[in-house]
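The values are calculated or read from the model by the stated rules, or taken from the named source; none is laboratory data. This one's a predicted model, so the numbers in the text were calculated from it and none came from an experiment. Here the Cβ positions follow ideal geometry from the backbone for every residue, glycine too, while neighbour counts run over all protein chains shown.
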Amino acid sequence: MCNLYAMTSSQQAIRKAAGVVTDRTGNLAPLPDIWPDTMAPIVRNAPDGRELVMARWGMPTPPGYLKGRRVDRGVTNIRNPASTWWKRWEGMAHRCLVPLTAFSEPQRLADGKSRPVWFARSDGEPLAFFAGIWCRWTSVRKLADGETTDDLFGFLTTTANREVGIIHPKAMPVILTRPEELDVWMKAPLDEALRLQRPLPDNALSVISPAGEKD
């Protein structure tokens with residue numbers, strides 16, 4: 001699963017690509033390493049139009065997986081949107097776009113260790129978006145913080161395309177690159193929006209170095 005990604009495009013690029021009306025992120029610095037349970041920008045629907053805000057990566061964990069645990073570290077990747085647990089957040093009010101410039105999948109090495117392999121668009125365009133959902137939730141994310149109320153997000157996954165499948169055959173994030181796809185995800189009926197849960201075409205991604213240069 002994708003548990004590390006980067007977002008190094010400018011706020012202006014995100015606003016333009018996603019049709020953002022209101023930016024609530026302040027001075028958004030480049031984020032070369034976004035890990036689970038950290039803050040990252042998302043674009044969500046609001047009464048006055050789409051807004052760019054910061055949220056915490058990791059949706060609420062289904063209760064059955066929290067038995068005996070005092071901390072909910074969150075679910076970053078959502079494979080089965082048909083699950084009753086996720087359906088409550090699949091309406092337009094809870095869909096979001098998660099901007100990214102690269103994402104990584106772990107590659108298992110011969111010695112049993114793993115290393116992150118980074119992927120980015122192969123067409124030279126830096127910015128893309130995960131198809132995400134968000135919610136406001138009260139839980140204990142860290143024992144030291146106690147119970148907090150946070151805006152949380154996660155994103156859909158699907159079967160891997162050829163490039164990702166070489167490294168991680170099981171799945172890849174749902175990535176949106178075309179303006180019409182962004183609009184469908186944010187405002188179409190659910191059945192139509194979920195048709196976007198598909199892999200990018202083969203050759204749409206390239207393996208890159210962490211610095212962003214193609215290998």
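Brief remarks on what is shown
- Scope the stretch 57-87; condition without any contact (Cβ under 8 Å) to a residue 40 or more places away in the chain and closer than 26 Å to V20 by Cα; matching residues: K87
- The stretch 138-150 - residue that is over 15 Å from P36 (Cβ atoms) and touching a residue at least 24 places away in the same chain (Cβ under 8 Å) and, of those, surrounded by the most Cβ atoms within 10 Å (Cβ to Cβ): V140
Here is a yes/no grid of residues against (1) part of a helix (DSSP H, G or I); (2) at pLDDT 95 or above; (3) under 20 Å from L97 (Cα atoms):
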residue: A120; (1), (2), (3): no, yes, yes
residue: G124; (1), (2), (3): no, no, no
residue: F129; (1), (2), (3): no, yes, yes
residue: T149; (1), (2), (3): no, yes, no
residue: L156; (1), (2), (3): no, yes, yes
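- Residues located in the stretch 99-125, provided they are in contact (Cβ under 8 Å) with a residue 60 or more places away in the chain, under 23 Å from G165 (Cβ atoms) and of a type outside the set (A, V, I, L, M): T101, F103, S104, E105, P106, Q107, P116, W118, F119, R121, S122, D123
- Criterion: at pLDDT 95 or above and in contact with a Pro (Cβ under 6 Å, 6 or more places away or on another chain) - qualifying residue of M7, M59, M92: M7
One line per residue, one yes/no per condition, for (1) at negative phi; (2) crowded, with 20+ Cβ neighbours inside 10 Å:
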position: A29; (1), (2): yes, no
position: I42; (1), (2): yes, yes
position: G58; (1), (2): no, yes
position: G68; (1), (2): no, no
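- Restricting the first member to the stretch 175-198 and to residues that are charged (D, E, K, R), and the second to residues that are modelled with pLDDT of 95 or more, the beta-carbon pairs closer than 7 Å and six or more apart or on different chains are E181/L196; K187/M92; E192/V184; R198/T158.
- When the stretch 16-25 is filtered for residues that are free of Cβ contacts under 8 Å to residues at least 40 places away in the same chain, buried (at least 17 other Cβ atoms within 10 Å of the Cβ) and within 15 Å of L127 (Cα to Cα), only V20 remains.
- When the stretch 182-207 is limited to residues that are assigned to a loop (DSSP other than H, G, I, E, B) and not charged (D, E, K, R), the one that is surrounded by the most Cβ atoms within 10 Å (Cβ to Cβ) turns out to be L200.
- Only one of the listed residues (G91, G154, G165, G112) is closer than 22 Å to W57 by Cα, among the small types (G, A, S) and surrounded by fewer than 21 Cβ atoms within 10 Å (Cβ to Cβ). That residue is G91.
This table checks each residue for (1) in contact with a helix residue (DSSP H, G or I) (Cβ under 7 Å, 6 or more places away or on another chain); (2) farther than 30 Å from A29 by Cβ; (3) part of a strand (DSSP E or B).
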residue: G64; (1), (2), (3): no, yes, no
residue: R69; (1), (2), (3): no, yes, no
residue: P81; (1), (2), (3): yes, yes, no
residue: W85; (1), (2), (3): no, yes, no
residue: E90; (1), (2), (3): yes, yes, no
residue: A93; (1), (2), (3): no, no, no
residue: C96; (1), (2), (3): no, no, yes
residue: P99; (1), (2), (3): yes, no, yes
residue: F103; (1), (2), (3): no, no, yes
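- Annotation for the stretch 101-109: no member residue is more than 25 Å from P60 (Cα to Cα), exposed (fewer than 13 other Cβ atoms within 10 Å of the Cβ) and out of contact with any strand residue (DSSP E or B) (no Cβ under 7 Å at 6 or more places or on another chain).
- Each residue in the stretch 62-104 was checked for being of a type in the set (V, I, T) and over 16 Å from the mean Cα position of the chain (by Cα), and 2 pass.
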